[in-house]
1. One residue is enough: does the range 789-811 have a residue meeting the conditions free of Cβ contacts under 8 Å to residues at least 12 places away in the same chain, polar (S, T, N, Q), on the phi < 0 side of the Ramachandran plot and outside any strand (DSSP E or B)?
2. Going through the range 154-169 one residue at a time, which ones are surrounded by fewer than 19 Cβ atoms within 10 Å (Cβ to Cβ) and either of a type in the set (Val, Ile, Thr) or part of a helix (DSSP H, G or I) (or both)?
3. Going by the structure shown, is GLY758 over 22 Å from ARG296 (Cβ atoms) and either at pLDDT below 95 or surrounded by 24 or more Cβ atoms within 10 Å (Cβ to Cβ) (or both)?
4. Taking the range 678-716, which residues are farther than 17 Å from ASN733 by Cα and either crowded, with 17+ Cβ neighbours inside 10 Å or free of Cβ contacts under 8 Å to residues at least 12 places away in the same chain (or both)?
5. From LEU912, LEU954, which residue is part of a strand (DSSP E or B) and at pLDDT 85 or above?
6. Just to confirm my filter: which strands (runs of 3 or more DSSP E) fall fully inside the range 676-750 and include at least 1 residues that are over 20 Å from the mean Cα position of the chain (by Cα)?
7. Given the structure, is HIS675 touching a strand residue (DSSP E or B) at 6+ places or on another chain (Cβ under 7 Å), surrounded by fewer than 20 Cβ atoms within 10 Å (Cβ to Cβ) and touching a residue at least 12 places away in the same chain (Cβ under 8 Å)?
8. Does GLN554 count as in contact with a His (Cβ under 9 Å, 6 or more places away or on another chain) and outside any strand (DSSP E or B)?
Amino acid sequence: MTQIEQEQVEGFRLSPQQRWAWTQQVSARSPFLSYCLMKLEGVLDAEQLHQALRMCVERYEILRTTFRRPPGLSLPVQVVLDTVDPLFIHRFGTAPDEQQLAALLQACDLSQHPFRAELLSVTERQHYLLLVTSALCLDAVGLATLAQEILTIYLQNSVSEEEVLQYADVSEWLNEQVESEENEVGRQYWRSCDLSGLDAATLSIANRRQEALPFCPRSYSITLDTGTRERVVTWAQQQGLSPDTFFLACWRWLLWKSSAGAEFPLGVAFHGRTYEELEQIPGLFHRYLPITIIPRADETFRELMQKTEQKLQESAEWQEAFDWERDAGTRFFPLAYEALNLSAFVGSEELTPSLEHIHACTQRFELKLQCMSTPERCTLTFWYDQHRYETAAIERMGHNFLTLVNTALMAPEAPLYTLEVVSEEEQRFLNELNTTARDYPLEFPLHRLFEQQAASCPTRMAVTYAGEALTYEQLNSRANQIAHLLRERGTTVGSLVGIYLERSLDYLACLLGILKAGAAYIPLDLSFPRERLAFLLQDTKVQQVITLAELAEQLPEAASPLCLDIDRQQIEAMKQTNPDLSIPSSALAYVLHTSGSTGQPKGVMVSHRSLVNYLHWCNEVFREFEVIPATTRLSFDASLKQLFAPLIRGGTVWLLPENIVAQPEKLFDFIRTQHHMALNTVPSLWRPFLEYARQQDVSLDGHLTGLLIGGEALESELVAKTLEVFPWLRIYNLYGPTEATANASSAVITDPTHITLGHPLANTRVYVLDDTWQRTPIGVSGELYLGGEGLALGYLDRPDLTAERFIPDPYSGDGNRLYRTGDMARILPSGELEYLGRRDHQVKLYGVRIELGEIEAVIKTYPKVHDCVVHLYQDAGGQQRLAAYIEGAEAQQGLQEWLQQRLPQAMIPSALVFLPELPRTSGGKVDRQALPTPERAESRAAYVAPQTPVEVKLAQIWGEVLHLERIGIHDNFFALGGHSLLAIQIASRVRSAFPVDVPLHLLLGTPTIAELAQQIDSLIVQKLETLSDEEAQHMLALFE
């Protein structure tokens, strides 16, 4: 026996189990208790029971043990007191329930009394005895043994004179076992076990709280019915295995389902009494060992049981060699399993004891399944940290576990992924979520619905822009003329026609004209570089593009332009009647290109039927708003509701000029002219408007009544600020990919702490599935799949990708399909969807869906780039930005300019960070967490101050928009963090500052102040040549 003496503190070294339990207690700052609750039926002598407790405490030193830490030591020692009178409390009351038991335990103070007992008498013949001590003293088996000995001493009124082995003596032997050279093979075994995922094991049903809270254990118990228990015991014995292995295999598979297939060690309890001499000694022998069991979805349950048993045997063989300080440090098992097999308590004819509860909280956990078997029953207790899990979530998990137990018994030879874990009640609930049927008129294409409105209200205003307007009759006539000319030039049903225009009244007429001609439109954004435009035209095989003569110069030569200005006379000569074409609603309406991970965008094909279904839903849900202005460019699918929804209900499309959209002050003034207006935008554009509105004294109450926000993840902080400025505002969080016709779900957000995706739209189905296409239980994460009328036809000329992303619907049948979104989500108990992030490297920035792999693929084709990874980060101002991390310092020269010729501005990284090599994990993958945060000035050129009046004014405008104090004339706008949405703001301010028209595409093509100033100087010279001397002098005076 080794004793430690220092400064009058004498005690025994902690055992390995005690050392780890102490570490858990200190880090959790919460009492760890061992307790046992017995029910005693019969006549009971309370004083005799108290005497039995005294005898037991006197017999076993561990019940008189306290823990004191000598000065200078990090760990305490066991200090055995000579005499201790156990605290005994006798009360009268009702049978304790779970809450009362928790309150009793919380009130326990073991500082003065290491062992305490509380007797609760309900009647003269019904009593409950609660025994409590420190978890450093007794594990559950030792506590059950102690409880039986107390009963035996009480019934015999005497204590055995046989000498017993004390735990303090055994603890030193346990230390020697860990340190023994004979256990080197065992130590090597544990060193070979990978514990890297130990701390990361977290289930999606856990609360998403970031703050550290005290450990607060609670429990939820289910008693297995007799029939099921007998079936488990019989089947396990037939396999030569124990019921404990059966339950552990079920638990591991349920955790796999509840963690999206995560691989992590599971803490499995071993009783530690490996020698017969230790079986009856009260003390802490119990230990948790890391067992890594990786289920495979295609293996059978029988195979999983066999794999589990093999791991248990290996770990049991070397359990005495495991040392927490050496093998795991201070980490703990978030997820654990404990099996307790206890004998029945022996009483007498006068007194019948039975076990109600028993638990030894020797480690901190987040969630633990305890399977306790006695001759009378089998109880499944789910122990959980109340600060990590809601009680309702644990109760649902309990029902999922019972469902799995029964399906495993029915089909042990079936693949694991076919075993149902979703209870019948949950399945009914999930099915009801998809009861979204609406009887919309979906048999007509979009332009036919518009024609119906044109016929019924021809003089009503259809569209307005910059003070001009067209009635329904006028808009329909213009659209018909464009349609007839397209047909005359070879457009047929199913053709694709590009549209490359700035906003104007003709903008909408052209879209309708394309549809009336039987074609589908392809939006070509003015901000796209020439190489991007060339790819889109080649990918879609577009033969005609509607544009203007000036803009046509930007298009590749392969495109055949229909110029609205040059061809004006030919257009006006066309018939104004509706084309007589039979176009089914299943026909293609448009193709929108989204980012592709292979380096090239992919075209999403959407039919009239899908579009019309979406527009009818918009008109139904947003009918409370009188105006939803068109603020979005055509290449964004948010434009669909803004441009087309009013036209099929007889409303007015409000086309806003880009200078109003881009400048918060002008947008604010416009909103003041409206009533019951809703603004449809993305969070990154809403923020600057919100900041401007916060500073105004004028209220928008009654003017701005709705906010339709989407395109990016909505953050709680933004909702809170929005409701602070606009407390009356009705906020809709809209979710959906382009493959689901813009939106698939919608939520009304009233609480900043409760941000969800809401419920599916009309005629839309949503499923949260695991990797084997099985439904996940409520609250459990999985990939979000979408189905219904809004589903796109697929990807243009990409049957392989279409087959990969659009799969057969295994739940509705009838040849329907589902779209794999790549978004992780879960269904909340309220039936709402909650977004949990991406399962790949796709992001949404400025409302644009971006595959980071596409940007990486483009950068890797640049000479002398060895490798590259693109990452989304948040800058000091809270803005989301892209950074490219590049191996290859020789590639610095010219890369930024090269990217501008190949990628849309929203996809060009704000920062290019050149590294000697990319940080990598032990597995060779790029370690994104280790990437350095870039500085915004990383890509800035050497500073050259602005000199001319034009350069000075441009630098001032850029500084205001980019929030930078100093900008050189050679600094690249996009390298400074600019993007296409900020470019719109720049263009609007430039137009206001200079008496010349500076088109957006000119700004995008000249991303430095020096280049842009030269272009503006040329425009000024050209305009001066058209003015009189007096007008020229007046214009030049503006620059003095």
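The values are calculated or read from the model by the stated rules, or taken from the named source; none is laboratory data. If you're wondering where the values come from, they're calculated on a predicted model, not measured in any experiment. FYI the Cβ positions are ideal-geometry reconstructions off the backbone, even for glycines, and counts take in every protein chain you see.
1. For the range 789-811, residues free of Cβ contacts under 8 Å to residues at least 12 places away in the same chain, polar (S, T, N, Q), on the phi < 0 side of the Ramachandran plot and outside any strand (DSSP E or B): present.
2. Keep residues of the range 154-169 that are surrounded by fewer than 19 Cβ atoms within 10 Å (Cβ to Cβ), which gives 155-165, 169.
LEU155, GLN156, VAL159, VAL164, ASP169, listed by residue number.
3. Details: over 22 Å from ARG296 (Cβ atoms): yes; either at pLDDT below 95 or surrounded by 24 or more Cβ atoms within 10 Å (Cβ to Cβ) (or both): no.
So GLY758 does not fit the description; no.
4. Step one: of the range 678-716, the residues farther than 17 Å from ASN733 by Cα are 688-689, 691-703.
Once the filter is applied, which keeps residues that are farther than 17 Å from ASN733 by Cα and either crowded, with 17+ Cβ neighbours inside 10 Å or free of Cβ contacts under 8 Å to residues at least 12 places away in the same chain (or both), the range 678-716 yields PRO688, PHE689, ALA693, GLN695, ASP697, SER699, LEU700, HIS703.
5. Values: LEU954 fails: part of a strand (DSSP E or B).
Answer to the selection: LEU912.
6. On the way: elements: 677-681, 704-710, 730-735, 745-749.
Filter on the range 676-750 gives 677-681, 704-710, 730-735.
7. Values: touching a strand residue (DSSP E or B) at 6+ places or on another chain (Cβ under 7 Å): no; surrounded by fewer than 20 Cβ atoms within 10 Å (Cβ to Cβ): yes; touching a residue at least 12 places away in the same chain (Cβ under 8 Å): yes.
Judged against the criteria, HIS675 is not a match.
8. Values: in contact with a His (Cβ under 9 Å, 6 or more places away or on another chain): yes; outside any strand (DSSP E or B): yes.
So GLN554 fits the description; yes.
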